[in-house]
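The values are calculated or read from the model by the stated rules, or taken from the named source; none is laboratory data. Everything numeric here is computed off the predicted structure, so don't read it as measured data. Here Cβ is always computed from backbone atoms with ideal geometry, including for glycine, and neighbour counts include all displayed protein chains. Calculation scope for accessible area: heavy atoms of the full protein, side chains included, ligands and nucleic acids excluded. Shrake-Rupley method; radii C 1.70, N 1.55, O 1.52, S 1.80 Å.
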Amino acid sequence: MTAETLPPSRKRTSADSPRYRWVALSNTTLGILISTINSSIVLISLPAIFKGIHVDPLGEGNVTYLLWMIMGFLVVSAVLVVVLGRLGDIFGRVKIYNLGFVIFTIASVALSLDPFQGDAGALWLIIGRMVQGVGGSMLFANSTAILTDAFPAEKRGMALGINNVAAVAGSFLGLVIGGVLSEIDWRLVFWVSVPIGIVGTVWSYLSLHETGERRPGGLDPWGNLTFAVGLTSILVAITYGIQPYGDSTMGWTSPWVLLGLIGGSAVLGLFCWIETRVTDPMFAMSLFRIRPFWAGNLASLLASVARGGMQFMLIIWLQGIWLPIHGYSYESTPLWAGIYMLPLTVGFLIAGPISGVLSDRFGARIFATAGCLLVGATFVGFLLIPVDFPYWLFAVILLVNGLASGLFAAPNASAIMNSVPAHQRGAASGMRGTFFNAGSSLSIGVFFSLMIAGLAARLPSTLTGGLQDHGVTPQAADAAGQLPPVASLFASFLGFNPIATILGQIDRLGVPVGITLGDSDPRYAKLTDQHFFPQLMSDPFHHGLVVVFAAAAVMCVLAAVASWFAGGKYVHVDEPVIGEAATNAALPEEG
């Protein structure tokens, strides 16, 4: 039975119907939301996940599992979105998008049913997260292009604004959802995606149409290979760069890390050279001649790095210091950290759609630029408040940060997608997704490195003195001070108290600790209660925070400059203008 013979109540919405654009918007928003929620939902659920599979995240070598649990999804997403966007241009964006829902749902089921414990359980989850990242990349790469096809230029800002709000808000909502579900059962963190994935799969298959301009062509194997190898090498090197190497607190001097960074950069340079010479490139480098495209993506990358770093630092701040000082148990800190960060999400959800509508009328420049500058100002605000802050002040800064991020995100996405030819929208959407996801991956390396460098200047002496004051021998206290600060940082990030782990490691080395390791010794009980370590960490953490948020503020200023340089209201014209072909030109709609 065809769509024409179905009863009116069962007919698919025609692609020509004004209703279709809202069907496309609601479905693609669901797809982008589920993808980005899962980019952060694990972040705050890691304590429950590692406890559930019986792995000590602070055990020797287990930091690698921890990082790949986070980075696996992000690396795969960053590497594949351009390829999958190009496949959408060739074979149909809706086809690739629908397949993304299927793969994402299957991976979510597999993650929920992890049958193993220990190292095998961790590897199962890491591989499952990577497969989930493949599905998420298909959704992310093609949702923006589907929307751009469905909406006319004068309405795209609003549509892309809502879609982009879902993308960024998903990363915020994942923190709250993960905190709540992990309190019940860690498997629910993955099960929650299954019914949404099933609904999205069926709905997209039944409702979406191929309305975009397709350009059949080759798959550019050398371009795909060099892009994947180059970007993966850089992101993997960053992952290992923040782990200790030899006697160094970080691994940036490791030959393998340097090889990954330098070699990956060289391979990406080769990729750019290949793309200018093949007949059917996976990404048309000529798009970088369009100022709103390259400037908008540069601003998006800088904003994504700053936003990702902020998420990590605020989680460490809340889970490792502020919440324990205020009487919350370490087991409950993931839940309450998510709840206390809600003003960030609320602000973003308010400002995102409004700025998208306004940018349709007035252009992107003023909103994107002002949003970046205001985000930078909130980073300065975080630096000025004490580590043990009054929550109302913290919440106000979070709210303003969310409003400012929403002010930037929607106009930026609209400006980028309006500036490209119709047949390149899939690849352009994929490249935009690469900058977005690569920024999140880079933020882990950049901000953890800056924080570790800041901690290394203060934490050893502070930790040594604090332990000696509570009866630990000078030899054991000195040994504790010499341990890499990354262990203390990850402990705070996970809501763990690392003092017991540190003292246990020193005792196993045969160094006399001077106190009995157990609650029977009141000195040990004092050292391992929920107040000692957070108060000990406060001053070194704030020293590191100054370095981190100062760098984030600078990135926001640079993003504001790029947003201003991108211009205002700018729409690509695919039809001849006054008799002259304008197929490959981006022209201003006004002025």
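Points to keep in mind about this one:
- Residue count, the range 348-401 (criterion: at pLDDT below 85 and open to solvent by less than 70 Å² (accessible area, probe 1.4 Å)): 10
- Answer from V546, V513 - the residue that is hydrophobic (A, V, I, L, M, F, W, C) and open to solvent by 10 Å² or more (accessible area, probe 1.4 Å): V546
- Residue in the range 59-75 that is touching a residue at least 12 places away in the same chain (Cβ under 8 Å), over 30 Å from Y245 (Cβ atoms) and either open to solvent by 10 Å² or more (accessible area, probe 1.4 Å) or of a type in the set (K, R) (or both) present: no
- Within the range 299-338, the residues that satisfy the criterion of being of a type in the set (S, T, Y) and either within 15 Å of the chain's Cα centre (by Cα) or not in a helix (DSSP H, G or I) (or both) are S300, S304, Y328, S329.
- Selection count where residues are closer than 20 Å to S419 by Cβ and aromatic (F, W, Y), scope the range 266-292: 2
- Restricting attention to the range 312-358, the residues that are among the polar types (S, T, N, Q) and either out of contact with any helix residue (DSSP H, G or I) (no Cβ under 7 Å at 6 or more places or on another chain) or farther than 22 Å from A553 by Cβ (or both) add up to 4.
- Test: residue in the range 400-421 that is free of Cβ contacts under 8 Å to residues at least 40 places away in the same chain, under 21 Å from the mean Cα position of the chain (by Cα) and either assigned to a helix (DSSP H, G or I) or over 30 Å from G481 (Cβ atoms) (or both): no
- Taken over the range 557-572, the residue count meeting the criterion of being surrounded by 20 or more Cβ atoms within 10 Å (Cβ to Cβ) and modelled with pLDDT of 85 or more is 4.
- Within the range 244-290, considering residues that are of a type in the set (V, I, T) and open to solvent by 60 Å² or more (accessible area, probe 1.4 Å), the one modelled with the lowest pLDDT: T279
- Scanning the range 202-212 for residues that are open to solvent by 30 Å² or more (accessible area, probe 1.4 Å) and in contact (Cβ under 8 Å) with a residue 24 or more places away in the chain returns W203, Y205, L206, H209, E210, T211.
- For the range 26-58, the set of residues classified as under 17 Å from I127 (Cα atoms), among the β-branched types (V, I, T) and open to solvent by 10 Å² or more (accessible area, probe 1.4 Å) consists of V55 only.
- Those helices (runs of 4 or more DSSP H) of the range 443-556 in which 3 or more residues are more than 22 Å from the chain's Cα centre (by Cα) and at pLDDT 85 or above occupy 474-481, 522-527.
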